[in-house]
Amino acid sequence: MARYRKRSLILFLALALLASSSQGFLRTENKIKSAVFLSPKLAMNPGSVSDAYFFDIDFPRGHIGLKSFDAEVVDEAGNPVPLHETYVHHWVVKPYYVRKGSSTLPQQEMFKKQGVSSQDPGSNLDSRSSDIIFVNNGGLCRSRLRHYYGLGSETRKTSTYLPDPYAVEIDNPQERPDGYEFKWLLNLHAIDTRGVEDRKGCIECVCYLYNVTVGEYGRAINPGYKGGLYCCYDKTQCLVKSGFDNGKKTRNLYLKYTLRWVDWDNTVLPAKVYILDVTDSWKKSEGSTGDIQEHNCHVEYEVKPCTTSGDGCIDVKKKSLMMPFDGYIVYGVAHQHAGGIGAALYRETGEGICTSMAKYGNGVEPGNEAGYIVGMTSCNPADPVKVSYGETLTLEVNYSSAVGHTGVMGIFYMIVAQQLPEPESSLPNLFQAPVRSVSFLAYLAVTVVVAVVVLIAAVIYRRQNREDGYQSLTT
């Protein structure tokens, strides 16, 4: 009996050592960091519009991999602001390089050429200057949609998380120009709808509600243009109800953004951002390569009201586009405005790749505002979808057309990895860590620990047998 207890104790100690080694190893693999930041303030009044550009916003520094970028608008006390008070038309973030020691601040117009908002068609500003170099996404709409991350009213309930082992690579020192440092630009377009005459019209930027006939850059707006970005640019004002006291209702708002990231190492697989737009005017022709120079993305369009009634009032817009990359889609999500139903991405054969559906609120509290898109479903396929260079994919965007809508969008974000992780180790399940980013060296370390424990146990066991007079069956 004493011998049995000793053997049991040896086995227990061996397993305990193995368990403690494994658990300590798993804890060190939890490398995700997170931080919360606030943008510079926006001063908002009832009916006012802010389409502000902020450069050098707070952001983690160094060579990192972004796992997610989540954001919402809050007041000075940090309270979430509901969409029926301040509508988030869009926020986007974009990286750029700036020459170290440069005292020249970037021009506002230079940044506006990089955002979603209306642009000066006569501008000749290049994305590269002596002091500023912009960093664009992978495509396809890099003439206008050049940012990395961006959402709108759906921002609170749309997941942006990238599954392991993927991350969007940021500030690779091998790609950074000598003498430059890496920074971030934020564009935040918000509309204060407190006390306005027509809330729906204001958030859809209907031109007559803003009393706008001339665009931001002094050019006359086409008479057939009913509403959209060209009518709700920075510092315009939507019509407020007569008698509504706006003298004491100025308030400061902020974009609160939460980032999750990992420090870059060889366990992380890089992924790139690509943006598709259903308004892209690209057409396949002989010799087409799908290169970004062939794309002209209009970003917004009008949904006209249907002439019938009932569930059949759905506006369907499709666009087929040639993919300029080889890779694997690991994430996808659509961006739509009020009236949006959802969007889908599929192959020419009809095989579905990703469906992103609109989620509407049914209350008044932030994140559940009735009549607003408060979230979009996203795709994180368990088996990343292989896409080949030159392959044509179709983007389909659906809106309800029971009533008309101006300035709507049908944008689709894809995050694409160039490679898949190595096949998982063939070690027994007992020794497998439940994370994909575990490296072979880490597995090897655990195996060595196990081997040492077993060896020690065997030595003790043999000594104990000799002490107890154990005789082998073979002599």
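When region 195-218 is filtered for residues that are modelled with pLDDT of 95 or more and charged (D, E, K, R), the ones remaining, listed by number, are 197, 198, 199, 200, 204.
Screening 239, 269 for residues that are modelled with pLDDT of 95 or more, more than 26 Å from residue 54 (Cβ to Cβ), buried (at least 18 other Cβ atoms within 10 Å of the Cβ) and in the same structural domain as residue 75 (by TED's automatic domain parsing) leaves exactly one candidate, 269. In region 34-79, the residue that is farthest from residue 98 (Cα to Cα) out of those that are in contact with a helix residue (DSSP H, G or I) (Cβ under 9 Å, 6 or more places away or on another chain) and not hydrophobic (A, V, I, L, M, F, W, C) is 47. In region 287-343, what residues are small (Gly, Ala, Ser) and modelled with pLDDT of 90 or more? Correct list: 320, 327, 332, 334, 338, 339, 340, 342, 343.
Can you name the residue in region 176-201 that is farther than 21 Å from residue 408 by Cα and more than 22 Å from the chain's Cα centre (by Cα) and is also surrounded by the fewest Cβ atoms within 10 Å (Cβ to Cβ) among such residues? So the residue we want is 178. Here residue 233 meets each of (1) modelled with pLDDT of 95 or more; (2) surrounded by fewer than 14 Cβ atoms within 10 Å (Cβ to Cβ); (3) in a loop (DSSP other than H, G, I, E, B) with one exception, condition (2).
Residues in region 206-230 that are among the aliphatic types (A, V, I, L, M) and over 16 Å from residue 189 (Cα atoms) were compared, and the one that is surrounded by the fewest Cβ atoms within 10 Å (Cβ to Cβ) is 220.
Of all residues in region 170-209, those being of a type in the set (Ser, Thr, Tyr) and touching a residue at least 60 places away in the same chain (Cβ under 8 Å) number 2. Does region 125-141 contain at least one residue that is at pLDDT below 90 and under 24 Å from residue 303 (Cα atoms)? The answer is yes; a qualifying residue exists.
The residues listed here are 264, 282; of these, the one that is under 23 Å from the mean Cα position of the chain (by Cα) and at pLDDT 80 or above is 264. Can you find a residue that is among the hydrophobic types (A, V, I, L, M, F, W, C), at pLDDT 95 or above, touching a helix residue (DSSP H, G or I) at 6+ places or on another chain (Cβ under 6 Å) and not in a helix (DSSP H, G or I) anywhere in region 155-174? Among the residues of region 155-174, not one is among the hydrophobic types (A, V, I, L, M, F, W, C), at pLDDT 95 or above, touching a helix residue (DSSP H, G or I) at 6+ places or on another chain (Cβ under 6 Å) and not in a helix (DSSP H, G or I), which makes the answer no. Answer with yes or no whether residue 399 is out of contact with any Phe, Trp or Tyr (no Cβ under 8 Å at 6 or more places or on another chain) and buried (at least 16 other Cβ atoms within 10 Å of the Cβ). Yes.
From the residues in region 308-343 that are in a strand (DSSP E or B) and of a type in the set (Ser, Thr, Tyr), which one is nearest to the chain's Cα centre (by Cα)? Break it down into steps so the answer makes sense when it comes.
First pass over region 308-343, keeping only residues in a strand (DSSP E or B): 314-322, 327-335, 340-343.
Now restrict to residues that are of a type in the set (Ser, Thr, Tyr): 320, 328, 331.
Numbers: 320: 23, 328: 17, 331: 9 Å.
The residue in question is 331.
Could you list all residues from region 27-55 that are out of contact with any Leu (no Cβ under 8 Å at 6 or more places or on another chain) and farther than 18 Å from residue 76 by Cβ? Those that are out of contact with any Leu (no Cβ under 8 Å at 6 or more places or on another chain) and farther than 18 Å from residue 76 by Cβ: 27, 28, 29, 30, 31, 32, 33, 49. Here the condition is being without any contact (Cβ under 8 Å) to a residue 24 or more places away in the chain and among the hydrophobic types (A, V, I, L, M, F, W, C); of 240, 214, 262, it holds for 214 alone.
The values are calculated or read from the model by the stated rules, or taken from the named source; none is laboratory data. Note that the structure is predicted; figures quoted are calculated from it, not measured. Don't worry about glycine lacking a Cβ; one is built from the backbone with ideal geometry, like all the others, and counts go over all protein chains shown.
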